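The values are calculated or read from the model by the stated rules, or taken from the named source; none is laboratory data. Keep in mind the model is a prediction, meaning the values are calculated, not measured. Because the Cβ atoms are built from the backbone with ideal geometry, glycine has one as well, and the counts that use them run over all protein chains shown.
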Amino acid sequence: MKFVLKIQTPIILVNFKTYLEATGRRAVELAKVAERVSREIRVSICVAPQFTDIALVAGEVKIPVFAQHIDPIKPGSHTGYVLADAVKEAGAVGTLINHSERQLRISEIDAAIKIAREKELVSVVCANNYTISAAVAALKPDMVAVEPPELIGTGVSVSKAKPEVIESTIRLVREINPTVKILCGAGVSDGEDVAAALRLGTDGVLVASAVVKAKDPYRVLLDFAEKAKTQT
């Protein structure tokens with residue numbers, strides 16, 4: 001059974017990026033906060049720390065840990081690249097692919113999805129609009145995350161500012177791949193943003209700075225999870 005089948009929806013996936021607030025031991029601390037909220041509210045919360053922190057985080061928490069990227073390569077002479085086998089060995093159960101800050105060509109996305117599937121890693125492919133979301137859905141990833149790049153880190157949620165992007169994404173993606181999970185991200189800042197995304201028909205959200213850079217990540221995640229729970 002693939003791990004994706006064990007991740008219940010709605011999903012809150014927290015990308016730690018390379019923020020100092022989520023580096024090293026602080027990555028573990030934040031992951032433990034996410035685990036605490038997930039356990040208290042019974043909502044699926046996953047975390048995506050930096051590569052160097054995957055093993056550290058995965059060894060301390062039981063919630064799903066994702067890599068932020070894998071390269072579409074096989075083991076061999078690829079200095080500086082990220083091997084799917086390595087992130088899985090470190091404890092990751094899935095990976096982001098094609099984040100707007102780490103974009104790939106469509107052929108590379110296809111190869112990365114196939115490698116992730118081969119290694120039994122959950123693939124979450126990011127796309128910046130509904131047409132690209134539909135294109136990558138045809139490649140059969142486990143999840144598609146639509147994130148308009150102009151809203152990332154702005155605090156202006158795509159679920160409120162551009163609901164038509166989410167609606168169009170869901171319609172087109174479902175026509176091509178009715179089983180893929182659909183997440184949305186970019187500017188998701190509070191629980192109401194999460195609830196709005198779920199009301200539009202998504203399976204969850206991909207978030208980063210709103211949680212990682214928050215003065216009280218527990219309170220932010222608690223708000224996210226409680227609002228997500230109301231939509232189930």
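Pairs please, first residue from segment 109-124 and over 16 Å from Phe66 (Cβ atoms), second anywhere and assigned to a helix (DSSP H, G or I), Cβ atoms under 7 Å, 6+ apart in sequence or on different chains.
From residues that are over 16 Å from Phe66 (Cβ atoms), the pairs are Ile109/Val136.
Quickly run through segment 212-232 and pick out the residues that are of a type in the set (A, V, I, L, M) and either in a helix (DSSP H, G or I) or closer than 16 Å to Ile45 by Cα (or both). Walk me through how you get there before you give the answer.
Looking only at segment 212-232, we keep the residues that are of a type in the set (A, V, I, L, M), and these are 212, 214, 220-222, 225, 228.
Matches in segment 212-232: Val212, Val220, Leu221, Leu222, Ala225, Ala228.
Tell me, please, whether a residue that is touching a strand residue (DSSP E or B) at 6+ places or on another chain (Cβ under 9 Å), at pLDDT 90 or above and closer than 16 Å to Val125 by Cα can be found in segment 196-203.
Within segment 196-203, one or more residues are touching a strand residue (DSSP E or B) at 6+ places or on another chain (Cβ under 9 Å), at pLDDT 90 or above and closer than 16 Å to Val125 by Cα.
Going through Val211, Val207, Val188, Val144 one at a time, which residue ends up being buried (at least 23 other Cβ atoms within 10 Å of the Cβ), within 18 Å of the chain's Cα centre (by Cα) and modelled with pLDDT under 90? Talk me through it step by step, then tell me what you get.
On the way: Val211 fails: modelled with pLDDT under 90; Val207 fails: modelled with pLDDT under 90; Val144 fails: modelled with pLDDT under 90.
One residue alone meets the criteria, Val188.
Just to be sure before I move on: is Val82 under 19 Å from Val65 (Cα atoms) and not in a helix (DSSP H, G or I) in the structure I sent?
When the stated conditions are applied, Val82 passes them.
How many of the residues in segment 39-71 are in a helix (DSSP H, G or I), in contact (Cβ under 8 Å) with a residue 40 or more places away in the chain and touching a Lys or Arg at 6+ places or on another chain (Cβ under 9 Å)? Break it down into steps so the answer makes sense when it comes.
At the first step, the residues of segment 39-71 found to be in a helix (DSSP H, G or I) are 39-41, 51-58.
When the remaining residues are screened for being in contact (Cβ under 8 Å) with a residue 40 or more places away in the chain, the result is 40-41.
Now drop any that are not touching a Lys or Arg at 6+ places or on another chain (Cβ under 9 Å), which leaves 41.
Of the residues in segment 39-71, 1 are in a helix (DSSP H, G or I), in contact (Cβ under 8 Å) with a residue 40 or more places away in the chain and touching a Lys or Arg at 6+ places or on another chain (Cβ under 9 Å).
Could you list, in sequence order, all residues of segment 190-213 that are touching a Leu at 6+ places or on another chain (Cβ under 7 Å) and among the polar types (S, T, N, Q)?
Thr202
In segment 87-104, how many are assigned to a helix (DSSP H, G or I) and surrounded by 24 or more Cβ atoms within 10 Å (Cβ to Cβ)?
Counting residues in segment 87-104 that are assigned to a helix (DSSP H, G or I) and surrounded by 24 or more Cβ atoms within 10 Å (Cβ to Cβ) gives 1.
Please go through segment 88-108 and give me each residue that is touching a helix residue (DSSP H, G or I) at 6+ places or on another chain (Cβ under 6 Å), under 10 Å from Ile70 (Cα atoms) and among the hydrophobic types (A, V, I, L, M, F, W, C), ordered by number.
Residue satisfying the conditions is Ile97 alone.
Residue by residue, here is whether (1) aromatic (Phe, Trp, Tyr); (2) farther than 17 Å from Val43 by Cβ; (3) assigned to a strand (DSSP E or B) holds:
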position: Ser168; (1), (2), (3): no, yes, no
position: Leu172; (1), (2), (3): no, yes, no
position: Leu183; (1), (2), (3): no, no, yes
position: Val188; (1), (2), (3): no, no, no
position: Leu198; (1), (2), (3): no, no, no
position: Gly201; (1), (2), (3): no, yes, no
position: Val205; (1), (2), (3): no, no, yes
position: Ala210; (1), (2), (3): no, no, no
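State which residue is modelled with the lowest pLDDT when the search covers only segment 147-159 and only residues that are over 10 Å from Cys184 (Cα atoms) and in contact with a helix residue (DSSP H, G or I) (Cβ under 6 Å, 6 or more places away or on another chain). Break it down into steps so the answer makes sense when it comes.
First, the residues of segment 147-159 that are over 10 Å from Cys184 (Cα atoms): 149-156.
Subsequent filtering for residues that are in contact with a helix residue (DSSP H, G or I) (Cβ under 6 Å, 6 or more places away or on another chain) retains 151, 153.
Working: Leu151: 49, Gly153: 56.
Across segment 147-159, the extreme among qualifying residues is Leu151.
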